[in-house]
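Asks: Questions regarding the structure given below will be posed in turn.
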Amino acid sequence: MTLRRCRVLALLLSLAAGSGQAATLHVDNEGEPGSLDPQKSNNQWDARIQKALFDRLVDVAADGTLIPGLARSWDVSADGTVWTFHLRDARWSDGTPITAEDAVFSLRRLLTPATANRNANLYYAIHNARAVNLGKTPPESLGVDAVDESTLRVTLDHPSGYFLEAMAMAEAAPLPAHVITRGERWITPGNTVVSGAFTLGDWIPQSRLTLDRNPAFYAADTVALDKVVMYPLEDTNDAIRRFRSGRIDLSLAQVPSSRIDWLRTNMPEALQQGPWAGEYFYMFNVRKGPLADARVREALNLVVRRDIITDKILGTGMIPSTRFVPGAVSGQGDATMPGLDAPWPERLSKAKALMKDAGYSPAHPLRLTLRYNTNDDHRKVAVAVAAMWKPLGVETTLYNSEAAVHYAAIHAGQFDVARYGMIATVNDPFDFLGSMAQGGSAAESSGYTNAAFTEAVRESETLASPEARFDALTRAEQQLLDDHAVLPIYEYVASHLVSPRVHGFESNVMDEHPLRFLSITPPTSGE
Amino acid sequence: MLSYILKRLAFAIPTLLIVITISFFLMRVAPGGPFDGERQLPPEIEANLEAVYHLDEPLPMQYLRYMNNLVHGDFGPSFKYKDFSVTELIMQGFPVSLEIGGLAIALALLIGLPLGVIAALKRNSAADYFVMSLALGGIAVPNFVIAPIMALVFGVLLGWLPAGGWNGGAWPNLVLPVVALSIQQIAYIARMMRASMIETLGSHFIRTARAKGLNEMQVVMRHALRPAMLPVVSYLGPAIAGIVTGSVVIEQIFGIPGIGRYFVQGALNRDYTLVMGTVVFYGALIVLMNLLVDLLYSVLDPQIRYDD
């Protein structure tokens, strides 16, 4: 778009804003979308826009729970492997009916290798999905079929506890086959056909993206906002300044921890915090060296006082953690790392004894390198943990690097202890535990193996009953914690700036805030 | 003159080729790849992604593919911004950076040149000391300090101007970034202009001009200004290129959709094609700006000719 056209557009927009009483929400969406194609996203901020544009068969309510979306209902066979979705009578924004064929088209496209979807593995339970994704069998062999216009059947190879969660993700949205098959660039303003609560207005990369209420959305009469303007504010301080000057009403980026105290004092009504499905922990490289010794890992765990880190060092409301799966995640059991509830002197003396057993003491110090990705908070935590380890005779060298280098080093197993953060992709314990099981990414990095643990995780994938499944996963988690395979530090809390004029915003475990449930009261004084 | 220009342009090609080649391989030896993140991707998925971007091919092959595309004017697809090609991203970002940078340079010249001249004419007076301390302040305080303070004062506390954003280039959105970007340039230009003007005013042809009975104003405007501007002009070439493509900090702080952000974001994300695209573009711009400066020299200084 040329500059002049941008200017004309801006002028028209400002005129429109002045004349009408349209309910417009101005949102900080954290970053510039990588793609509006729901199957090519890499970020939360991509997915937020995609979900506003494309409804899924399973939708997400304001409190984060799953609700019927384009499917008015669904049922599952007793063995948990055949899912049948009954689509409601809904239409694309161009008036074409949304059919089960669109859903089939979309799921096949999702698993096609050329789409290179990053979350494709979440759908591997579907019959032939992995083979399709590897390019070994054609997409038509995928276990999805349209029984009739409004019935979709998905056949799984084994029960999948998070299948519905996966179906609520942006990538699983039915896509307008009749538009996509016409040509490559189907997702540009003016060219896009959507099913969600909003249509794509204009998009000026790195500047803003506008969503307009979609009159063809099946529940359009329940959508309160006429327009949403999303700004990709990569600088969180920029976001706070714009929020304070009233130019944005809601920030979906995480408030930087350095500003939380200030906001608590000065704008307490605008700061919304709630538990989030994320775990901040230190990963041990257990392949070789001192950390292969479980006694050393236990000792290092025993002397880290999580509450001091969360309350005194950070002070941002994070929750001290003694487990691997955050408590807010659905189905989280009562697993906990043993010994951490003992009185402090007992913990310290036990840790010292363990280190002595393992052959370390202040006279024969254990030398460790603690890696973290460059960030003020990570540095503070690392300094504190190193200080807590010191009485055990541990000499810690801190090493920081930019994120890409940090993660590449972890994935290559080049570390002793490394800071790691895991944010759930789906609200399920498997998302955390699966990564530590054999073949999982975290297990590959840390070198952790335990047959009993992997066995329990694998068992969970065969169980159709949610209770039995969560039991197996809790058993697995307890095993991981008994092995002291990681050093959990805290569970994340999501923090956002929400204007008191914005309604319908609910903190929830996946930190998902569907725009269709938000509303805004007009400003009291003229702007 | 024309043959000189052509010769300079021909020399630019090997220069750019070296820049491209070094950047291409430097980018690849940097640890961490475009798909390294908090969550490691399963090998199947990483393989799919690598195949889409031809990262599964041997490096020399990738280099040849890149050069071949470049010759055809194709910078390739961005790894991160998948809905746009790198060419489109640069073409969207450049006009914005050009507008902000151009205005900042214009403002810097408009204020910096007269300030420098005044300081030179009133050398060692209160006015001189005042201008020079301001200039020293302008150079000493980096724009990542000035910019947030300006945004806080004028955007948040006083509410006169937007605290950030581009809004299609509406003038209220331009003021803070342009001023923030120009402060340092004003300072540099004023100092340079002062020094150069003092030197020029001491030269023989100025004495001759004065001896002819011209008044001070005529001496300065007609005789001293042009030669005194030479160092400023030679500074402008790289400064314009730098400001236009490199106003990274200002673009980040004010959330402006320019090209500088792509450079930084691209490097951090290991978005190889985006980084390469901005490097090529930046390199070409610097070569071009230096050529323009050299040509401008001959206009300002009759002793310089490009005849051969």
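The values are calculated or read from the model by the stated rules, or taken from the named source; none is laboratory data. All values derive from a computational prediction rather than experimental measurement. Heads up, the Cβs are rebuilt from the backbone with ideal geometry, glycines too, and the neighbour counts pull from every protein chain shown.
Asks: Could you give me the residue pairs with C-beta distances under 9 Å whose first residue belongs to segment B:154-167 and is more than 9 Å from chain A (Cβ to nearest Cβ) and assigned to a loop (DSSP other than H, G, I, E, B), whose second residue is surrounded by 19 or more Cβ atoms within 10 Å (Cβ to Cβ) and of a type in the set (A, V, I, L, M) wherever it lies, and which are 6+ apart or on separate chains?
Replies: B:Leu161/B:Met150; B:Leu161/B:Ala151; B:Leu161/B:Leu176
Asks: Going by the conditions given, is B:Gly242 closer than 23 Å to B:Ile186 by Cβ, in a helix (DSSP H, G or I) and out of contact with any Leu (no Cβ under 9 Å at 6 or more places or on another chain)?
Replies: Working: closer than 23 Å to B:Ile186 by Cβ: yes; in a helix (DSSP H, G or I): yes; out of contact with any Leu (no Cβ under 9 Å at 6 or more places or on another chain): yes.
Here the answer is yes, as B:Gly242 does meet what is asked.
Asks: Let me ask another. Considering only segment A:374-410, state which residues are of a type in the set (Ser, Thr, Tyr) and within 14 Å of chain B (Cβ to nearest Cβ). I'd like the intermediate steps shown before the answer.
Replies: Step one: of segment A:374-410, the residues of a type in the set (Ser, Thr, Tyr) are A:374, A:396-397, A:399, A:401, A:407.
The answer is A:Thr374, A:Tyr399, A:Ser401, A:Tyr407.
Asks: Taking segment A:411-427, which residues are of a type in the set (A, V, I, L, M), assigned to a loop (DSSP other than H, G, I, E, B), in contact (Cβ under 8 Å) with a residue 60 or more places away in the chain and within 11 Å of another protein chain (Cβ to nearest Cβ)? Let's see the steps before the verdict.
Replies: Pass one, segment A:411-427, residues of a type in the set (A, V, I, L, M): A:412, A:417-418, A:422-424, A:426.
After this cut, where a residue has to be assigned to a loop (DSSP other than H, G, I, E, B) as well, the list is A:412, A:424, A:426.
Narrowing the set further to residues that are in contact (Cβ under 8 Å) with a residue 60 or more places away in the chain leaves A:424, A:426.
The one that is of a type in the set (A, V, I, L, M), assigned to a loop (DSSP other than H, G, I, E, B), in contact (Cβ under 8 Å) with a residue 60 or more places away in the chain and within 11 Å of another protein chain (Cβ to nearest Cβ): A:Ala424.
Asks: Return the residue satisfying two criteria in turn: it lies in segment A:21-37 and is more than 14 Å from chain B (Cβ to nearest Cβ) and assigned to a loop (DSSP other than H, G, I, E, B), and of such residues it is surrounded by the most Cβ atoms within 10 Å (Cβ to Cβ).
Replies: Of everything passing the filter in segment A:21-37, A:Ala23 is surrounded by the most Cβ atoms within 10 Å (Cβ to Cβ).
Asks: While we're on this one: Determine which member of the set A:Ala328, A:Ala270 is modelled with pLDDT under 95, crowded, with 19+ Cβ neighbours inside 10 Å and aliphatic (A, V, I, L, M).
Replies: Details: A:Ala270 fails: modelled with pLDDT under 95.
The conditions single out A:Ala328.
Asks: OK, next. State all residues of segment B:63-76 that are in contact with a helix residue (DSSP H, G or I) (Cβ under 8 Å, 6 or more places away or on another chain) and either in a helix (DSSP H, G or I) or over 17 Å from B:Arg28 (Cβ atoms) (or both); if no residue qualifies, say none.
Replies: In the first step, residues of segment B:63-76 are kept if they are in contact with a helix residue (DSSP H, G or I) (Cβ under 8 Å, 6 or more places away or on another chain); the result is B:63, B:66-67, B:70, B:73-76.
Hits for segment B:63-76 are B:Tyr63, B:Tyr66, B:Met67, B:Leu70, B:Gly73, B:Asp74.
Asks: Among the listed residues A:His513, A:His484, identify the single one that is in a loop (DSSP other than H, G, I, E, B) and under 30 Å from A:Trp389 (Cβ atoms). Show your work before the answer.
Replies: Numbers: A:His513 fails: under 30 Å from A:Trp389 (Cβ atoms).
Sole residue among the options that is in a loop (DSSP other than H, G, I, E, B) and under 30 Å from A:Trp389 (Cβ atoms): A:His484.
Asks: Here's another thing I want to ask about it. Confirm whether A:Val296 is in contact with a helix residue (DSSP H, G or I) (Cβ under 6 Å, 6 or more places away or on another chain) and part of a loop (DSSP other than H, G, I, E, B).
Replies: Values: in contact with a helix residue (DSSP H, G or I) (Cβ under 6 Å, 6 or more places away or on another chain): yes; part of a loop (DSSP other than H, G, I, E, B): no.
No; evaluated as a whole, the condition is false for this residue.
Asks: Also: Give segment A:456-478 a look and list any residue that's in a helix (DSSP H, G or I) and within 18 Å of A:Ile126 (Cα to Cα), or say none.
Replies: Those that are in a helix (DSSP H, G or I) and within 18 Å of A:Ile126 (Cα to Cα): A:Arg458, A:Glu459, A:Ser460.
Asks: Just wondering, is there one or more residues in segment A:175-186 that are away from every other protein chain (no Cβ under 12 Å), out of contact with any helix residue (DSSP H, G or I) (no Cβ under 9 Å at 6 or more places or on another chain), of a type in the set (Asp, Glu) and farther than 30 Å from A:Thr462 by Cα?
Replies: no
Asks: Further question on the same structure: Could you grab me the full set of residues in segment B:174-184 that are surrounded by 18 or more Cβ atoms within 10 Å (Cβ to Cβ) and in contact with a Leu (Cβ under 8 Å, 6 or more places away or on another chain)?
Replies: Within segment B:174-184, B:Leu174, B:Leu176, B:Val178, B:Val179, B:Ser182 qualify.
Asks: While we're on this one: Mind checking which residues of segment A:215-247 are within 9 Å of chain B (Cβ to nearest Cβ), touching a residue at least 60 places away in the same chain (Cβ under 8 Å) and part of a loop (DSSP other than H, G, I, E, B)?
Replies: A:Pro232, A:Leu233, A:Glu234, A:Gly246, A:Arg247
Asks: Restricting attention to segment B:32-90, report how many residues are among the hydrophobic types (A, V, I, L, M, F, W, C), farther than 15 Å from A:Ser41 by Cα and within 14 Å of chain A (Cβ to nearest Cβ).
Replies: 6
Asks: Name, by its number, the condition in (1) at pLDDT below 95; (2) in contact with a strand residue (DSSP E or B) (Cβ under 7 Å, 6 or more places away or on another chain) that does not hold for A:Ala224.
Replies: With respect to (1) at pLDDT below 95; (2) in contact with a strand residue (DSSP E or B) (Cβ under 7 Å, 6 or more places away or on another chain), A:Ala224 is out only on (1).
Asks: Sticking with this one: When the residues of segment B:253-285 are narrowed to those that are surrounded by 21 or more Cβ atoms within 10 Å (Cβ to Cβ) and farther than 30 Å from B:Glu50 by Cβ, which ends up nearest to the chain's Cα centre (by Cα)?
Replies: The qualifying residue nearest to the chain's Cα centre (by Cα) is B:Gly258.
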